[in-house]
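Only one structure is covered here, and it is reproduced in the block below.
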Amino acid sequence: MTALLRKPWIWSFIATALVFATTTLFTGGTGMGGLAQATLTFAAFSVIVGIGQMMVITLGPGNIDLSVPATMTLAGTIALKVMNVEDSMVLPGLLIAIAIGVAIGIGNYALIKLLRIPPIIATLSMSFIVQSSAIWTNRGLRIKPPPVLADFTTSSTAGIPNVAIIALLLSAGAWVLLHKTVYGRSIAATGQSIRAARMAGIPIDGARIATYVLCAVLASICGYLLASFSGGAALNMGSEYLLMSIAVVVIGGTAVAGGDSNVPGIWGASLFMFLVVSMLNTYGFGAGVRLILTGLIIIAVIMLAGGRPVGKR
């Protein structure tokens, strides 16, 4: 048990279990099956964007991608327009969304590298450009997704929401990429000390551009799935995922200073965040009180997880 408590991701799952148990006691267990389904579904979207943000933060202090919400919106909007409610266009729509993510990721790093401006400024600037493109492309229309894609994103397989299954597969791929490949070791080394990584011959620029591209691609995939799940792309559909993508990284146990990623923690934190909002809604708290209590709960979880050794997974 002592060894388990040293895992940085365990605290987010403990918090999730406590919130779920509290909600169960308050409701007498009524509707908990539906809550579990909803939690897995909506947490999956946070997981997908959270993994990308985690990779960027792992690169070290100052690295963050603020263009995630705009990327989701643009990818979802253009993908739906390309698919034009035709089932045969589901795969081309996905490929278009991924291509948009690749372009935005390259654009983000180009601003960082060529103009030598901090990532937070570069990605914020890119966010304005991308969001403006989404507004111009959308023009107030709400295009429906193809029926087969809408059915897939809102259905379950063996009791598990399909979007959660996709998030699990992407999580497994991210874990392998981060812990079993040269790329994963490269971004960890870069985050721990960019100077030492450069002296060791690690291709810093290659690792960083690949990371920003992966983050944007994951945001695009999330936008594609969220637009299909919601029945259409809205211009504000990615707005809540800016702070959410950062919060799940921090609560999940990833080192904010860089060099240490934590994929399981993203799941624990995403489940926790959704359950906190659901619990406060159940108790009838207003929006302002919910935000305050959510912030306090997040601070408490981070304090409980404080002092953990870096690198312990």
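The ranking of 151, 260 by Cβ neighbour count inside 10 Å, starting from the fewest, reads 151, 260. Residues 214, 177, 291, arranged from fewest to most other Cβ atoms within 10 angstrom of their Cβ, appear as 291, 177, 214. Could you point to the residue in 62, 12, 217 farthest towards the positive end of the chain's charge dipole, with +1 and -1 charges on the Cβ of Lys/Arg and Asp/Glu respectively? It is 62, whose Cα lies furthest towards the positive end.
Among 200, 235, 155, whose Cα projects farthest towards the positive end of the dipole of the chain, with charges put on the beta-carbon of Lys, Arg (+1) and Asp, Glu (-1)? Farthest towards the positive end: 200.
Calculated mean residue ellipticity, 222 nm, the chain: -24500 deg cm²/dmol, from DSSP H runs (n ≥ 4) at -39500 (n - 2.57) each, averaged per residue and rounded to 500. Taking amide H atoms as placed 1.01 Å from N in the peptide plane, the amide H of residue 156 lies under 5 Å from those of 162, each 5 or more residues away in sequence or on another chain.
For the chain, a Gaussian network of Cα nodes joined below 10 Å ranks 285, 274, 45 by mean-square fluctuation, and the top entry is 285.
Using all Cα-Cα distances in the chain, what percent lands in each 10 angstrom bin from 0 up to the longest? Spelled out bin by bin, the chain gives 6, 27, 34, 24, 8, 1 percent. Backbone amide hydrogens, once placed in the peptide plane, bring residue 143 within less than 5 Å of 233, excluding anything fewer than 5 places away on its chain. The HN-Hα couplings worked out from phi for region 50-56 by the Karplus form 6.51 cos²θ - 1.76 cosθ + 1.60 (θ = phi - 60°) are x, 4, x, 4, 4, 4, 5 Hz, whole numbers, x standing for Gly and Pro.
Each Lys and Arg contributes +1 and each Asp and Glu -1, all at the Cβ; summed about the Cα centre of the chain, the dipole is approximately 760 debye. The rule of thumb for compact globular proteins, 2.2 N^0.38 Å, goes into the C-alpha radius of gyration of region 54-115 1.35 times.
Report, as a whole number in µm² per second, the diffusion coefficient that Stokes-Einstein gives for region 158-273 at 37 °C and 0.692 mPa s using the Kirkwood radius over alpha carbon pairs. Taking Rh from Cα pairs, D becomes 209 µm²/s. Based on Cα contacts under 8 Å between residues 6+ apart, region 2-304 shows a relative contact order of 36 percent. Structure remark: mean-square fluctuation, Gaussian network model of the chain, C-alpha springs under 10 Å; the largest value among 123, 27, 71 belongs to 27. For the chain, modelled as a GNM whose springs connect Cα atoms under 10 angstrom apart, the maximal fluctuation among 250, 163, 182 occurs at 182. With an a/c value of 1.5 or above and a/b larger than b/c for the gyration tensor axes a ≥ b ≥ c computed over the alpha-carbon atoms, region 96-160 is described as prolate. Mean separation of Cα pairs under 8 Å and 6 or more residues apart, divided by the residue count, gives region 79-192 a relative contact order of 26 percent.
Every number here is computed from the coordinates shown, using simple stated rules; none is lab data. Nothing here was measured: the structure is a model prediction, and the numbers come from that model. Please note: Cβ atoms are built from the backbone with ideal geometry, for glycine as well, and neighbour counts cover all protein chains shown.
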